[in-house]
Amino acid sequence: MTEEVFRSKAVRKVLSLYEPIWALEYSMSMLYWDLNTYMPPGAAEERGVARAKLVALKQKLLLSPEFREAFRVAEKEEGLNVYERGVLRVLKREIEKYERIPRELLEEEARVTTEARKKWEEAKGKGDFRLFRDDLARVVDVERRKAECLLKEGMAGLYDALLDLYEEGLTARDVDRLFSELTGPLISLFRKVLDAGYFPSKHPLEEEAYDPEAMKYANLLVLEKLGYDFNRGRLDVSAHPFTTNMGLDDVRITTWYQGNDFRRSLGAAVHEFGHALYELQIDRRLARTPVGEGVSLGVHESQSRFWENIVWRTRAFAEHFTPLLRPFLPFLRRYSTNDVYRYFCIVRPEYIRVEADEIHYPLHVVLRYEIERGLIEGSVSVDEVPQLWNEKMEKYIGLTPPNDRLGCLQDVHWSAGYIGYFPTYVIGSVLAAQIARSLEKELGSIEELVREGRFAPIREWLREKVHRWGSALPPKELVREATGEDLTARYFLEYIEAKYARCC
Ligand code: MG
């Protein structure tokens, strides 16, 4: 089936050797999904061993003389098409990662982060950063040494090497530019919106209790209307909502049920749907190849944010879906569609990033970025983290956390070694708005389409412009291909001003 796009014999040889590696990744995704949904708690340790063995096996296959020889031959080929070049680009990154980072360092990282993760949980539970301090210092040290191994020509510093792991080609300079454009306007927009009071900071719908079983059917109904393919996907429950792609024919999502405040359950389902749709709409000819999945965290998050912010958090969505949701959520009979819209768009300062509204969300990331970049570059010491966090929270969000649990201990990322990851969340929001602008140039107002429940044209546009490529194009090229320009904060700012300031 892959023959149509992969013509080079040398690349086809690489792809046939890649199939067992693909199968290992498929299995690891399945294990990860199970781990977060149905695995009995006592299985954790054994599962960890199984996973580590599979990772080692993957590394062995990728670095085997046979595979590397086939790769070297393919690299010398000329006149390769965009998909073939994509395969080699993605594999080169994978192989280089394993070649450049010594096995001992990878093992040390696994050890240090496993320990740190445990300590972080304990410290978070007690709200005391001091319990986590030494582990964070070890993580920063390991990640800094990892960055030294990955540092390449054209990178300005160690932090660039870490960013590139999560968002290919992204540099601290790109992030600085983006964040400096966003910060001032978002802080002033936030004040304006709070003063105007149209978008409430508290809404009675937050207190309305629902039946989780009925809520599940409400989520299923919305997902069905948006166009989630239940023949190749399913909706389950987990502690934190997530999406897993096994292959192109099995892409699963989860949500959560708190029993009240139904926007949390529905919003998560819509967000994860965006991630899933990306995977499900990749060109089928790329199945079982290294380019048969989403290209980067930032581009992936743009797809989830698109559906969450630009489709779901709209008056049009509330108008279309509120009547359909009333049979499942009877309390909605007491609320107008406008109430529901304002409830979806509550604006208020929050301590916790994942609870933040659209305006605040990027500011939460800016403060993490400034701290973690400082840690890697050596301008911030581990001991300074809690104090610095609180100062920046006051500066950007206007709140000082009463304890470290609501402050610098809230996110799992640093304990897991994910330094350089946070900026991809903002790329998601910003790129979603940029993509929406391009889509509207061709299809007209998204709100109009949503109001009429016409989601197929939106899905089709995203498939054609973004999804079908898989990882064949690197992120920056994909953005240019889909929107005609480089990533810019402009459309996000225009979008968010228009949405929140027009009611002030
Ligand atoms: Mg996401």
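The values are calculated or read from the model by the stated rules, or taken from the named source; none is laboratory data. Worth saying up front: this structure is predicted, and the values here are computed from it rather than measured. Note that we place each Cβ from the backbone using ideal geometry, even for glycine, and neighbour counts take in every protein chain shown. In case anyone asks, the SASA skips ligands and DNA or RNA and just uses the protein heavy atoms, side chains included. Shrake-Rupley method; radii C 1.70, N 1.55, O 1.52, S 1.80 Å.
Every residue, every condition in (1) away from the ligand (no atom under 16 Å from the Cβ); (2) assigned to a helix (DSSP H, G or I); (3) open to solvent by 40 Å² or more (accessible area, probe 1.4 Å), yes or no:
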position: 191; (1), (2), (3): yes, yes, yes
position: 206; (1), (2), (3): yes, yes, no
position: 224; (1), (2), (3): yes, yes, yes
position: 240; (1), (2), (3): no, no, yes
position: 249; (1), (2), (3): yes, no, yes
position: 253; (1), (2), (3): no, no, no
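Return a yes/no flag: does region 371-380 have any residue that is within 26 Å of the chain's Cα centre (by Cα) and under 16 Å from residue 186 (Cα atoms). No, region 371-380 contains no residue that is within 26 Å of the chain's Cα centre (by Cα) and under 16 Å from residue 186 (Cα atoms). Would a scan of region 274-283 turn up a residue that is closer than 23 Å to residue 365 by Cβ and open to solvent by less than 10 Å² (accessible area, probe 1.4 Å)? Yes, that holds for at least one residue. Of the residues that make up region 266-274, is at least one away from the ligand (no atom under 13 Å from the Cβ) and either among the β-branched types (Val, Ile, Thr) or over 23 Å from residue 6 (Cβ atoms) (or both)? Yes: one or more hits. Being open to solvent by 10 Å² or more (accessible area, probe 1.4 Å) and either within 15 Å of the chain's Cα centre (by Cα) or in contact (Cβ under 8 Å) with a residue 40 or more places away in the chain (or both) is the filter here; which residues of region 388-399 pass it? Within region 388-399, 396, 398, 399 qualify. Of all residues in region 131-156, those satisfying the criterion of being open to solvent by 20 Å² or more (accessible area, probe 1.4 Å) and assigned to a loop (DSSP other than H, G, I, E, B) are 151, 152, 153, 154, 155, 156. Considering region 258-287, and only residues there that are assigned to a loop (DSSP other than H, G, I, E, B) and either polar (S, T, N, Q) or free of Cβ contacts under 8 Å to residues at least 40 places away in the same chain (or both), the residue that is nearest to residue 344 (Cα to Cα) turns out to be 258. Taken over region 335-387, the criterion of being open to solvent by 40 Å² or more (accessible area, probe 1.4 Å) and touching a Ser or Thr at 6+ places or on another chain (Cβ under 6 Å) is satisfied by 337, 348. When restricted to residues that are open to solvent by 50 Å² or more (accessible area, probe 1.4 Å), closer than 23 Å to residue 255 by Cβ, among the aromatic types (Phe, Trp, Tyr) and not in a loop (DSSP other than H, G, I, E, B), region 1-46 contains 1.
So that you can scan it fast, the table gives a plain yes or no per residue for (1) in contact (Cβ under 8 Å) with a residue 60 or more places away in the chain; (2) within 16 Å of the ligand (Cβ to nearest atom); (3) assigned to a helix (DSSP H, G or I); (4) on the phi > 0 side of the Ramachandran plot:
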{"position": "289", "(1), (2), (3), (4)": "yes, no, no, no"}
{"position": "295", "(1), (2), (3), (4)": "yes, yes, no, no"}
{"position": "306", "(1), (2), (3), (4)": "yes, yes, yes, no"}
{"position": "309", "(1), (2), (3), (4)": "yes, yes, yes, no"}
{"position": "322", "(1), (2), (3), (4)": "no, no, yes, no"}
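Taken over region 166-180, the criterion of being in contact with a helix residue (DSSP H, G or I) (Cβ under 7 Å, 6 or more places away or on another chain) and either part of a helix (DSSP H, G or I) or closer than 18 Å to residue 494 by Cβ (or both) is satisfied by 166, 172, 175, 178, 179. Looking at (1) over 30 Å from residue 7 (Cβ atoms); (2) of a type in the set (A, V, I, L, M, F, W, C); (3) surrounded by fewer than 24 Cβ atoms within 10 Å (Cβ to Cβ), which one does residue 287 not meet, given that it meets all the others? Condition (1) is where residue 287 drops out. Residues that are closer than 27 Å to residue 139 by Cβ and more than 16 Å from the ligand (Cβ to nearest atom) do occur in region 331-354, at least one of them.
Residues of region 324-349 that are hydrophobic (A, V, I, L, M, F, W, C) and either under 27 Å from residue 361 (Cα atoms) or outside any helix (DSSP H, G or I) (or both): 328, 329, 340, 344, 345, 346, 347.
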